[in-house]
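*Asks:* Before anything else, here's the structure in question.
The values are calculated or read from the model by the stated rules, or taken from the named source; none is laboratory data. Computed from a predicted structure; not experimentally measured. So basically every Cβ, Gly included, is an ideal-geometry build from the backbone, and we count neighbours across all protein chains shown. Remember, those area values only see protein heavy atoms, side chains included, never the ligands or the DNA or RNA. Shrake-Rupley method; radii C 1.70, N 1.55, O 1.52, S 1.80 Å.
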Amino acid sequence: MLRKIKYLSLLLAVSFSICSCEKVIDVELNTSATQLVIEGNITNQPGQQTIKISQSVPYTETNNYPPVKGATVNVTDDQGSSWIFTETTPGSYTFGPLKGEPGRTYSLKVNINNVLYTATSTMPDSVKIDSLDVKVFNFGSEKQKQAQVHYKDPAGVANQYRFILKVNGAQSRSVYAENDRFTDGNNVPSVMFFTGKNNDDNQLKTGDKVEVEMQCIDKNVFIYWNTLSQQSQNGPGGGVTPGNPPSNISNDALGYFSAHTVSKKEMVVK
């Protein structure tokens, strides 16, 4: 019995000493090196086309991306045409008027301090928005209004889409991207839940002006936007650590280069 008491006393003493010891662990949050960010668009809309170039910032800083000046920016197509983009404002390189053509492949070359960044994108055929309306959801005794876009997906062709939703001129914080994996050849109704700056802004109200831009994008650009879409759906506390979406630009640059068609519709919520 005495031996058991001594054993228990020793066990308690060891346990107490372990619990009493606290080791302070300093976690160093290393900021990653900045990277080049390129956001390039060539559309089928006649006018000025724009390539924006900036520098990434550490996540601990505000989202104020410094523009990259003095780059050489050139876009070509598979028909032998070439356009040199000029810097109109810091970090913004433009050419126009220029109208992209569906079916053509466009190549981007950006030279910064003798470092070359390249990307290619093929503009798909145009798919237009048929109509916009309001989808009403019932949550108990409350009703919520959201925008719904309707379009006809072409049969037998792999199609990818990106949507931009604006309400009263403010762009939704959500990213909308989808393909026709399960809707090939169908009439597609697609609901876009608006995400504003405040929770009170996350639904439509009577009198709101809604604008939807539908882009037909190629597969690589779809992967970029779809990855961002999945990350935005998880949001803070969603269990997924945000990461850089896969870019179609070489040399470890961030961003995308997209040759796409555009279709727009507007409505006023009743």
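Every residue, every condition in (1) open to solvent by 30 Å² or more (accessible area, probe 1.4 Å); (2) in a strand (DSSP E or B); (3) at pLDDT 95 or above; (4) not β-branched (Val, Ile, Thr), yes or no:
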position: Lys109; (1), (2), (3), (4): yes, yes, yes, yes
position: Tyr117; (1), (2), (3), (4): yes, yes, yes, yes
position: Lys135; (1), (2), (3), (4): yes, yes, yes, yes
position: Phe163; (1), (2), (3), (4): no, yes, yes, yes
position: Arg173; (1), (2), (3), (4): yes, no, no, yes
position: Ala177; (1), (2), (3), (4): no, yes, yes, yes
position: Asp184; (1), (2), (3), (4): yes, no, yes, yes
position: Lys197; (1), (2), (3), (4): yes, no, no, yes
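*Asks:* So, in segment 240-270, exactly how many residues are open to solvent by 40 Å² or more (accessible area, probe 1.4 Å) and among the aromatic types (Phe, Trp, Tyr)?
*Replies:* 0
*Asks:* Consider Trp225 against the criteria (1) more than 24 Å from Tyr117 (Cα to Cα); (2) modelled with pLDDT of 95 or more; (3) not in a strand (DSSP E or B): it satisfies all of them except one. Which criterion is unmet?
*Replies:* In the conditions (1) more than 24 Å from Tyr117 (Cα to Cα); (2) modelled with pLDDT of 95 or more; (3) not in a strand (DSSP E or B), Trp225 misses (1) alone.
*Asks:* Turning to a different aspect of this structure: For segment 119-132, name all the residues that are part of a strand (DSSP E or B) and either open to solvent by 50 Å² or more (accessible area, probe 1.4 Å) or more than 23 Å from Leu36 (Cβ to Cβ) (or both).
*Replies:* Thr120, Thr122, Ile129, Asp130, Ser131, Leu132
*Asks:* Can you tell me which of Ser81, Ser141, Ser54 is more than 22 Å from Asn179 (Cα to Cα), open to solvent by less than 80 Å² (accessible area, probe 1.4 Å) and more than 21 Å from the chain's Cα centre (by Cα)?
*Replies:* On the way: Ser141 fails: open to solvent by less than 80 Å² (accessible area, probe 1.4 Å); Ser54 fails: more than 21 Å from the chain's Cα centre (by Cα).
Only one candidate qualifies: Ser81.
*Asks:* Here's a follow-up. Do we find that Gly237 is at pLDDT below 95, more than 28 Å from Ile38 (Cα to Cα) and of a type outside the set (S, T, N, Q) in this structure?
*Replies:* yes
*Asks:* Being touching a residue at least 40 places away in the same chain (Cβ under 8 Å) and open to solvent by less than 30 Å² (accessible area, probe 1.4 Å) is the filter; apply it to segment 88-107 and report the residue that is farthest from Pro66 (Cα to Cα).
*Replies:* Checking each candidate, the answer is Gly100.
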